[in-house]
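Below is one structure, written out as C-alpha cells; the observations come after it.
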Amino acid sequence: MLNRNQILAAIQAQIDSCAGTGKRFAVQIVRVRGLRDISLRFGWERGAQADEDARMLIGQSLRPIDQVFHSGDESFTVLLPDMLSQNHVLLATTRLVKAFEQPLNSATSPWHGRPTMGVAFFPDHGADADQLCRRAEIAVDEAQRLGERSVFYRPMGPGKEIFYEELREAIELNRLRAYFQPVVNLKTRRVVGAESLARWNSPLHGEVEPAEFVQFAERSDLIWALTRWSINATLRHAAALGGRQDFTFAINLSTRVFTKPGLVEQLLDALQIWGLPPSTVVAEITETALVNDLDMTVRVLRRLRDHGMRIAVDDFGTGYSSIAYLSRFPATELKIDKSLTGAIQTDARTTKLVHGLINLAHEMDLMAIAEGVEDQVTQDMLTEMGCDFAQGYHLGRPEPAADFVARFAPEPAPL
C-alpha cells in the first residue's frame, strides 16, 4: 500500500505537468463499502484479497494513464489525468460502477462491493495536492450522506471543512469535551443547573464551532452517535455532583433523533447506569420541532415527560410556530432566545414582547428561561418581569464540565 506522502507526490507531479498547459485532471476518492465486512466474516486473509480484487476492478475500468492507490480502510485514491471536463469524469465513474457489478473474492466467497465516489477537479477545486485530496474526501462524505454514487466537490461556505471519518472517530473515541453553562434562578440568584454543550478541538482544524460540527452531524447519520455521546457525557458529570440532586442538566436534542425508535430507552438506560433520577434531565428541542413532524415529536416527548423528565422549547420567539402548536407540545419551560433578551434595553417593543412571552409561559404553567443575559441591567429587568431562570455570559460562561462539578460538588460530610 502506498502511503499518503506517495499519493500526494503523484498528484503534485500531475499538477507540475499541467503548469502553463491549461490541462485539467481529477482526483477521485472511491470508498468500497463491504470490504471490511469480508474481513470480519471470512478472516483477514480473504479481506486482504478482497482489497486487492477491488483495486484491480478499479484499475480495469480505467485508462492506461490513470493511477489507482489503495489509500485506507475501504478507500482508494484515483488520479485521472487529461480530463477535459466534468462530463469526462462522469464517464470514468460510470465505467467504475459497472465494474463492481461482478463480485469481489470470487475465487473464495463471492461478495459485492458498493462503490461511492467523491471528485475534486483541478484547478477548479484546488491548487495543491493536499487540498485536492481533502476536497475529494469531503465530496465522498457528501455522496454517502445523500445516498448517491458520485458527487463533485461543492464549496460548503465559510467555516472549516469537516471530514465524516474524523468526526466519527472523535465521537467514538470520546475526543469531544462536555462544557456546562450555568442556569441561575433569578429570584434566589443561585445556580440551579446547567446546559450541556459539546466542544471539539480537532487535530486537523483546531477548535471547531459547535454550530459547524453539530450541523454536519445532523446532515449525516452521525447525529445519533453525537446524541449518545452527549447524553452519557452529561450524565457522567452530573453523577459526579453526588448529593446535588436539586440540579438539572439540559441536553439539546436534534429533531432528527425523533425519527427513529429508541431515544426514550437510551435516556432511561443512561440514567440507570449513572444512578440519577429522570428529573435530572431537561430535554431541549428547538421551536422548529413544533412544525417538523409534530405528531412524532409530541409522542416521544410525552413519554419523556411521563417518566419525569422536563421538556424545554429552545430559542422560543424566533421561529414560525403558533400558540396552537405550543398548546399540544408537552413542554415544562420556554427558553426565550438571546436575540430578544439582548434587545430589551434598547427596544421598547422587544421589551413588551419578552414580557409577554414570560406571561404566556406562566399562563400555560411553564417556567420562563431567558438566554443571552450579558449584563446586570438585563438581569434586573428580567427579574422585574417575573422571569424564572436565566443564563448568559454575565451569569456564567460555558466551562469544562469537570470544573463546574468541582465548584458545585457538595462538601463531604464530617467524620
Inset, instruction - Would you mind stating whether GLN215 is over 30 Å from GLU142 (Cα atoms) and either touching a residue at least 24 places away in the same chain (Cβ under 8 Å) or not in a loop (DSSP other than H, G, I, E, B) (or both)? - result: no
Inset, instruction - Please state which of the following conditions THR93 fails to meet, knowing it meets all the rest: (1) of a type outside the set (Phe, Trp, Tyr); (2) within 30 Å of the chain's Cα centre (by Cα); (3) loosely packed, with under 14 Cβ neighbours inside 10 Å. - result: (3)
Inset, instruction - Answer yes if at least one residue in the range 76-89 is among the acidic types (Asp, Glu) and either in contact with a Pro (Cβ under 8 Å, 6 or more places away or on another chain) or at pLDDT below 85 (or both), and no otherwise. - result: no
Legend entry - Odd one out for GLU172, checked against (1) exposed (fewer than 14 other Cβ atoms within 10 Å of the Cβ); (2) in contact (Cβ under 8 Å) with a residue 12 or more places away in the chain; (3) outside the structural domain of SER254 (by TED's automatic domain parsing); (4) within 20 Å of the chain's Cα centre (by Cα): (3)
Inset, instruction - Being at pLDDT 80 or above and more than 12 Å from MET117 (Cβ to Cβ) is the filter here, so list the residues in the range 145-168 that pass it. - result: TYR164, GLU165, GLU166, LEU167, ARG168
Inset, instruction - Within the range 9-37, track down each residue that is more than 29 Å from the chain's Cα centre (by Cα), among the aliphatic types (A, V, I, L, M) and assigned to a helix (DSSP H, G or I). - result: ALA9, ALA10, ILE11, ALA13, ILE15
Inset, instruction - Please specify each residue of the range 295-323 satisfying the condition of being surrounded by fewer than 17 Cβ atoms within 10 Å (Cβ to Cβ), modelled with pLDDT of 90 or more and in a loop (DSSP other than H, G, I, E, B). - result: HIS307, GLY308
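Mind listing whichever residues of the range 195-212 are at pLDDT below 90 and either surrounded by fewer than 16 Cβ atoms within 10 Å (Cβ to Cβ) or not assigned by TED's automatic domain parsing to the domain that holds ILE231 (or both)?
If the condition is that a residue be at pLDDT below 90 and either surrounded by fewer than 16 Cβ atoms within 10 Å (Cβ to Cβ) or not assigned by TED's automatic domain parsing to the domain that holds ILE231 (or both), then PRO203, LEU204, GLY206, GLU207, GLU209, ALA211 are the ones that fit.
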Inset, instruction - Would you list the helices (runs of 4 or more DSSP H) that sit entirely within the range 325-402 and hold 2 or more residues that are closer than 26 Å to LEU304 by Cβ and either at pLDDT below 95 or not small (Gly, Ala, Ser) (or both)? - result: 348-363
Inset, instruction - Test ALA289 against the stated conditions and say whether it is part of a loop (DSSP other than H, G, I, E, B), in contact with a strand residue (DSSP E or B) (Cβ under 9 Å, 6 or more places away or on another chain), more than 26 Å from ALA240 (Cα to Cα) and modelled with pLDDT under 95. - result: no
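If you take the residues of the range 260-286 that are under 17 Å from the mean Cα position of the chain (by Cα) and closer than 17 Å to ALA225 by Cα, which of them is surrounded by the fewest Cβ atoms within 10 Å (Cβ to Cβ)?
So, considering only residues that are under 17 Å from the mean Cα position of the chain (by Cα) and closer than 17 Å to ALA225 by Cα, the one surrounded by the fewest Cβ atoms within 10 Å (Cβ to Cβ) is LYS260.
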Inset, instruction - Six or more apart or on different chains, Cβ under 9 Å: which pairs go from a residue in the range 96-125 that's of a type in the set (D, E, K, R) and surrounded by fewer than 16 Cβ atoms within 10 Å (Cβ to Cβ) to one that's outside any loop (DSSP other than H, G, I, E, B) and at pLDDT 85 or above? Could you list them? - result: ARG114/ARG31; ARG114/VAL32; ASP124/PHE152
Inset, instruction - Could you tell me which numbered condition VAL257 fails, if it satisfies all but one of (1) within 22 Å of LEU197 (Cβ to Cβ); (2) at pLDDT below 75; (3) under 24 Å from the mean Cα position of the chain (by Cα); (4) not acidic (Asp, Glu)? - result: (2)
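Could you tell me which of the residues ARG154, ARG149 is surrounded by fewer than 16 Cβ atoms within 10 Å (Cβ to Cβ) and touching a residue at least 40 places away in the same chain (Cβ under 8 Å)?
After ruling out the rest, the residue left standing is ARG149.
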Legend entry - Close pairs (9 angstrom Cβ cut-off, 6 or more residues apart or separate chains): without any contact (Cβ under 8 Å) to a residue 12 or more places away in the chain in the range 347-371, exposed (fewer than 13 other Cβ atoms within 10 Å of the Cβ) and polar (S, T, N, Q) anywhere: none
Legend entry - Among (1) at pLDDT 95 or above; (2) surrounded by fewer than 15 Cβ atoms within 10 Å (Cβ to Cβ); (3) more than 30 Å from GLN376 (Cβ to Cβ) - the single one ASN232 does not satisfy: (2)
Inset, instruction - Give the residue that is farthest from ALA283 (Cα to Cα), with candidates limited to residues of the range 352-384 that are of a type in the set (Val, Ile, Thr) and surrounded by 18 or more Cβ atoms within 10 Å (Cβ to Cβ). - result: THR378
Inset, instruction - From (1) within 28 Å of SER230 (Cα to Cα); (2) surrounded by fewer than 18 Cβ atoms within 10 Å (Cβ to Cβ); (3) in contact with a helix residue (DSSP H, G or I) (Cβ under 7 Å, 6 or more places away or on another chain), pick out the condition that doesn't hold for LEU334. - result: (2)
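The values are calculated or read from the model by the stated rules, or taken from the named source; none is laboratory data. The structure presented is a predicted model; accordingly, all values stated were derived computationally and were not measured. FYI the Cβ positions are ideal-geometry reconstructions off the backbone, even for glycines, and counts take in every protein chain you see.
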